């Protein structure tokens, strides 16, 4: 921003300098067209070449090289031994069915000490992606908090939000959306 | 006597340059008058040297296409032009202004271009056909590959000459779309005229929420490439990258401070999302908005003193405005139970956001004090979301979605004119308009 501004001012200053210089230049120069001309317009003697400000070369971005990093396959849905916990629109409160599902998960984790669980928070496609990212985080955290209240050690749990980016059902109706508003469990 | 005309022109140009809204009655387009008078303008075929004869029609085509993207000009078709522009018009020979006036042109653009080896030289002039006076003259040099950026730059100068506000030709829009190869999302960039579409990331992960730095060189975005969402800065020219926000769970960049020092971001930790600003250099973070609810989507005002953001503290997501460092936060959205993704106009006077209305999502704008809310973009058969203002504040890009189909559209801020920018890419969304060029 700063750079652009100072550049603009530089060009402006140059333009003004050139124009002022011309304003004071020989009558003959001005006469040829009756507008502003410029000193040092070498191409044709007496020619008017107004504002011969050589603008800074325009930067043209070369094609961007692709990122080398292969990336982690986070786009794949990992199958879970547990059902998803489902939520209502714009809600992160566990419903009765979600609490039952969470109980099953908690029982498993407490029988298998050492098991680590990742809780993914997801949203349906409606609304804004940024808001849904935070909403997914809140859903995942709501489930985590509930599991902890059931006795699961916090250290065994982690969360990640995928917002609206990983729909389970790619449909665009309430049936699909209801499946996509979910917390998904991944045993690590 | 002639000399005094020259001096007048100097004063005129000075005034145009120094004051954002010159009040010149002659050849001035009032951009605030909806459906106001358009400027009839002729872009003559260029006089060209032997290097590349195709420039004669090629440059006016680019320039005319730019001017036609606004609602400021009526282009006098080339078939009506009677005077052929030659190199002599650039060395003293006057144009036949009565002739141009006769075919309806009040302004005329002429140009002289040549290519020698790897050097492109273009001189362009804008005349007032009524007065026969020169309004604008620029000489550009560059490489042939820089032809379009040069022409866009002059088109921006033309708009500035008539309106006092620089045009936005040559600006770009960053956005996200599904990759065909994976189910992930990659970043893309496209010119505001729909040309030059290119993929920016290629890591088969989710790459989200692109936001431009004020110098237009960097895009901040969220990537899941390591498995969790972190915020990176990517140089759009070189592809160089660095990670900026290193803490918290989910993170989404909202926008940069106008001086480029801070990046504002929504950061979720333990289910609570607050707004931070992080130093782009060094990474030091400060909490800017705090609350029990979800506080997300910060959008700084152009003077950098305030931000618009989203909070659901009142029971539903709504847009709020606060001055940085001051506790008071004012809700500015109303009449909806879902208002998200604010975008503060670079002109300062409006904030656009997504609103839920009658079961659909629409794009609305409102004054920063919450007054004068207006619906700008809506569709009977789909949703309009995620607005981002052009650098002149005169138009917006947004996402249109309808049962799996998605497109990016550009609409004038008064909602009168719109066009499709990008379609045919899966799940295109999160558009962000670059700064001015």
Among the residues of the stretch B:169-181, is there at least one that is in contact with a strand residue (DSSP E or B) (Cβ under 6 Å, 6 or more places away or on another chain), modelled with pLDDT under 95, part of a helix (DSSP H, G or I) and within 11 Å of chain A (Cβ to nearest Cβ)?
no
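In the list B:383, B:427, which residue meets the criterion of being at negative phi, within 14 Å of chain A (Cβ to nearest Cβ), crowded, with 16+ Cβ neighbours inside 10 Å and out of contact with any helix residue (DSSP H, G or I) (no Cβ under 6 Å at 6 or more places or on another chain)?
Going through B:383, B:427 in turn, the sole match is B:383.
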Which residues, counting only those in the stretch B:185-203, are surrounded by 23 or more Cβ atoms within 10 Å (Cβ to Cβ) and in contact (Cβ under 8 Å) with a residue 24 or more places away in the chain?
B:185, B:187, B:188, B:192, B:201
So, of the residues in the stretch B:86-120 that are assigned to a strand (DSSP E or B) and free of Cβ contacts under 8 Å to residues at least 40 places away in the same chain, which turns out to be nearest to residue B:54 (Cα to Cα)?
B:120
Can you list the strands (runs of 3 or more DSSP E) found entirely within the stretch B:370-424 that contain at least 2 residues being more than 16 Å from the chain's Cα centre (by Cα)?
B:374-377, B:383-389, B:395-402, B:405-412
Touching a strand residue (DSSP E or B) at 6+ places or on another chain (Cβ under 6 Å) and at pLDDT 95 or above - does that describe any residue in the stretch B:29-39?
no
Residues in the stretch B:330-354 that are more than 11 Å from chain A (Cβ to nearest Cβ) and surrounded by fewer than 17 Cβ atoms within 10 Å (Cβ to Cβ): how many?
7
Residues satisfying the stated conditions in the stretch A:142-181, i.e. over 22 Å from the mean Cα position of the chain (by Cα) and buried (at least 22 other Cβ atoms within 10 Å of the Cβ):
A:142, A:143, A:144, A:147
In contact with a strand residue (DSSP E or B) (Cβ under 8 Å, 6 or more places away or on another chain) and facing another protein chain (nearest Cβ under 9 Å), is that true of residue B:284?
no
I'd like to know if the stretch B:134-145 contains one or more residues that are surrounded by fewer than 23 Cβ atoms within 10 Å (Cβ to Cβ), out of contact with any strand residue (DSSP E or B) (no Cβ under 8 Å at 6 or more places or on another chain), facing chain A (nearest Cβ under 10 Å) and closer than 21 Å to residue B:98 by Cα.
no
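Surrounded by fewer than 18 Cβ atoms within 10 Å (Cβ to Cβ), in contact (Cβ under 8 Å) with a residue 40 or more places away in the chain, more than 11 Å from chain A (Cβ to nearest Cβ) and more than 27 Å from residue B:192 (Cα to Cα) - does that describe any residue in the stretch B:74-81?
No.
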Expected single match for without any contact (Cβ under 8 Å) to a residue 24 or more places away in the chain, within 14 Å of chain A (Cβ to nearest Cβ), surrounded by fewer than 23 Cβ atoms within 10 Å (Cβ to Cβ) and under 28 Å from the mean Cα position of the chain (by Cα) among B:316, B:357 is B:357
For the stretch A:151-164, which residues satisfy the criterion of being on the phi < 0 side of the Ramachandran plot, touching a residue at least 40 places away in the same chain (Cβ under 8 Å) and within 12 Å of chain B (Cβ to nearest Cβ)?
A:157, A:158, A:159, A:160, A:161, A:162, A:164
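The values are calculated or read from the model by the stated rules, or taken from the named source; none is laboratory data. None of these values were measured; they are calculated from a predicted model. In this analysis, Cβ positions are derived from the backbone assuming ideal geometry, glycine residues included, and neighbour counts consider all displayed protein chains.
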